[in-house]
Structures are given as C-alpha cells and as structure tokens.
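Let me begin by presenting the structure, written as structure tokens, before commenting on it.
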Amino acid sequence: MRVDPDRGIWKIIFQEALRKPMFKPINLFIHIIVQVGGWALLSAAFLVTYDVITRKLLNISIAGADEISGYVFAISTACAYSYALLTRANIRIDFIYNKLSIKIQRILDALSMVLTAGFLAVICYFAFGLVSDAIEYSSKSITPLQTPLAIPQTIWFAALCFALFTAIVLTVMSFTALLKSDYNRVNELIGIPSLDEEIQAELHGGEDPSQSEKHLSGKG
C-alpha cells in the first residue's frame with residue numbers, strides 16, 4: 001500500500017478495509033479496533049516512560065501507570081487476534097506442509113482454522129467466568145486506583161469474542177470454498193503465505209498481496 005501524505009490515516013484505513021474479500025463491515029471494524037489498540041498501546045508506553053523518568057528525577061510517581069498499561073496490553077493484544085487471522089499473520093510450521101499436495105494443504109488449512117476457533121472458544125468460555133465473577137462480586141483491583149475489574153475485563157472479553165467470531169466466519173467461508181474445490185480461495189482466506197507473497201507484502205507496506213485490488217478484481 002502506497003501512502004499519500006495528503007490522505008488522512010482514517011481514510012486509508014477505511015479504503016483498505018473495504019478492499020478485503022471478507023464481509024466488509026467485519027473488515028472495517030477489525031481495521032478500526034487494531035488501529036485503536038495500537039495507539040492505546042503506544043500511549044501506555046509513553047505513560048510508563050513518563051512515570052519512570054519522573055520517578056527517577058523528581059521522585060514523583062503516577063499511581064496506577066503499570067496497572068493501566070497492563071489493561072491496555074491485554075485488550076490491544078486481544079484486538080490484534082482478529083487482524084492476525086484476517087491477514088494470515090498467525091505463525092504456522094510448514095516444514096511438512098509444503099511437501100503435501102495442494103488439496104491436502106487446503107484441507108489442513110481448513111482444519112487448522114477449526115482448531116483455532118475451538119481454542120478461542122475455550123478461552124472465551126473461561127474468560128466469561130472471570131468477567132461474570134468480577135461483575136457478581138464487584139471486584140476491584142488491589143491498587144491505589146481501585147479499578148472495577150469488570151470494566152477492563154469486559155472489553156477484553158468482547159475482543160476475544162470478536163476474534164472467535166472472525167475465526168468462525170473464516171471457517172465457514174473456507175469450508176464453502178473447499179466444497180467447491182476452489183483451492184485458491186481457501187488459500188487467500190486462511191492459507192500460509194508463500195515466500196513470494198511475504199516479500200510482496202513487505203514491498204506493499206505489509207498489505208497481503210492476495211487481497212490486493214488487482215487480485216480481487218480478477219485482472220492480471
């Protein structure tokens with residue numbers, strides 16, 4: 001993706017999200033939350049840095065800086081799961097995978113997404129128990145901030161649930177393509193990016209080349 005300095009960052013986000021071959025509102029939401037999570041994480045880093053400097057030089061500490069950064073890190077990480085699935089950025093071991101036939105590779109891709117969705121479902125199940133306990137017992141952090149734990153935990157849980165939703169959507173779409181023997185489509189959705197695709201992604205500023213406008217339009 002070539003970034004024009006005259007274009008706003010949010011305009012770029014919207015345009016890139018709407019070009020993806022998945023359900024457009026989902027793409028748009030994923031791109032927004034990953035940007036918000038990234039900026040929140042960067043802000044938390046500045047907050048902790050400021051706290052360390054003022055504590056060292058002025059003997060002044062910002063109460064709860066580490067606590068806030070912990071919440072931000074957990075939430076932003078959960079937000080990034082959906083984006084990782086969407087852009088096929090999740091790491092997989094492909095030593096044996098690359099030696100298999102295309103059909104077997106696509107079947108394994110689909111099965112891996114089923115297992116991913118199952119793993120996220122287990123995480124969401126236990127996260128729900130944690131959040132429900134925090135709400136039921138009005139739990140607060142044992143810190144000077146006395147933060148009601150239900151607030152950050154609910155946001156964290158919602159991000160995990162959306163990651164699960166993204167995995168389910170990708171699973172359904174990939175199995176639909178698999179039943180039609182559309183192996184290229186399965187690869188675009190959930191396959192392991194090839195070395196050439198990773199190189200092209202770096203050349204295009206991190207954009208998944210399989211999701212490019214030229215590819216989606218069927219040109220070239």
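With every protein chain left in place, what is the accessible area per residue of the range 48-87 in square angstrom, probe 1.4 Å?
58 Å²
Tell me, what HN-Hα J-couplings in whole Hz come from the Karplus equation 6.51 cos²θ - 1.76 cosθ + 1.60 at θ = phi - 60° for each residue of the range 38-51, using x for Gly and Pro?
Values, residue by residue: x, 5, 5, 5, 5, 4, 5, 5, 5, 4, 5, 4, 4, 4 Hz.
Determine, at each q value in 0.12, 0.16, 0.26 (inverse angstroms), the log₁₀ of I(q)/I(0) that the Debye formula gives when each Cα of the range 79-162 is one equal point scatterer.
Taking Cα atoms of the range 79-162 as identical point scatterers yields -0.53, -0.74, -1.22.
Ignoring ligands, DNA and RNA, what percent of the 1.4 Å accessible area of the range 86-163 is carbon and sulfur?
Solvent-exposed carbon and sulfur of the range 86-163 make up 74 percent of the total.
Starting from the amide H of Lys140, placed 1.01 Å from N in the peptide plane, find each other amide H under 5 Å away whose residue is 5 or more places distant or on another chain.
For Lys140, whose amide H was placed from the backbone, the distant partners under 5 Å are Leu149.
Taking the Cβ of Phe73 as the center, what net charge do the other residues with Cβ under 14 Å away carry, scoring Lys and Arg +1 and Asp and Glu -1?
-2
Would you mind working out the accessible area per residue for the range 93-182, using a 1.4 Å probe, and quoting it in Å²?
Accessible area per residue: 62 Å².
The values are calculated or read from the model by the stated rules, or taken from the named source; none is laboratory data. As the structure is a computational prediction, the values presented were derived from the model and not from experiment. When we count neighbours, we look across all protein chains shown, and the Cβ atoms used for this are built from the backbone with ideal geometry, even at glycine. Surface areas here come from the heavy atoms of the whole protein model, side chains and all, with no ligands, DNA or RNA. Shrake-Rupley method; radii C 1.70, N 1.55, O 1.52, S 1.80 Å.
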